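The values are calculated or read from the model by the stated rules, or taken from the named source; none is laboratory data. Note that the structure is a prediction, hence the values are computed from the model and not measured. Note that each Cβ is placed from the backbone with ideal geometry, even for glycine, and that neighbours are counted across all protein chains shown. Note: areas computed on protein heavy atoms with side chains; ligands, DNA, RNA excluded. Shrake-Rupley method; radii C 1.70, N 1.55, O 1.52, S 1.80 Å.
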Amino acid sequence: MGGGQPIKSAKIRAEIDVRKKRAESLYTIDEKSNLRKSHENPVVKKIYEEFLEKPGSYRAEKLLHTTYQEREKYQI
């Protein structure tokens, strides 16, 4: 149950495999998507051409990447 994971009580997690259900949902969405790879998305290509220059450029790194820091654990 790290960051970005669905928050469910222990009772629900004991009855339902929440990770499996989430994975199934994500795979189903992906299978039905016309654009499955972000680097092939025409909008992303245009943004790079007009603004970000190229993958790995200073601007792309500054705007699209993040750093992580430890946070206080969420109490359910």
Fill in the blank from the handout: Under the helix-only model (-39500 (n - 2.57) for each DSSP H run of 4 or more, divided by the residues of the chain), the mean residue ellipticity at 222 nm, to 500 deg cm²/dmol, is -12500 deg cm²/dmol
Exercise for the section: Mind checking the per residue accessible area of the chain for me, 1.4 Å probe, whole number of Å²? Expected result: 101 Å²
Completion exercise
Computed ³J(HN,Hα) along the range 10-23: with the Karplus parameters 6.51/-1.76/1.60, θ = phi - 60°, integer Hz and x for glycine or proline, the list is 4, 4, 5, 5, 6, 8, 10, 7, 4, 4, 5, 4, 5, 4
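Tell me the carbon and sulfur percent of the accessible area for the chain, rounded to whole percent, probe radius 1.4 Å.
Looking at the chain in its full context, I get 51 percent from C and S.
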Practice task
Any lysines with Cα under 20 Å of the Lys11 Cα? List them, leaving off those in the same chain fewer than 8 positions away.
Solution key: Lys20, Lys21, Lys73
Exercise for the section: With viscosity set to 0.692 mPa s and temperature to 37 °C, compute the Stokes-Einstein D of the range 12-53, Rh being the Kirkwood radius across alpha carbon pairs; µm²/s, no decimals. Expected result: 257 µm²/s
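Which is the longest run of the chain containing none of the trypsin sites (Lys or Arg not before Pro) found in DSSP loop states (not H, G, I, E, B) with at most 11 other C-beta atoms within 10 Å? All intermediate terms of the calculation are to be shown ahead of the outcome.
On the way: sites that count: Arg36, Lys37, Arg71, Lys73.
Longest run free of exposed loop sites: 1-35.
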Completion exercise
Quick calc: nm separation of the 7 Å Cα→Cβ label points for Lys37 and Phe51 -> 2.4 nm
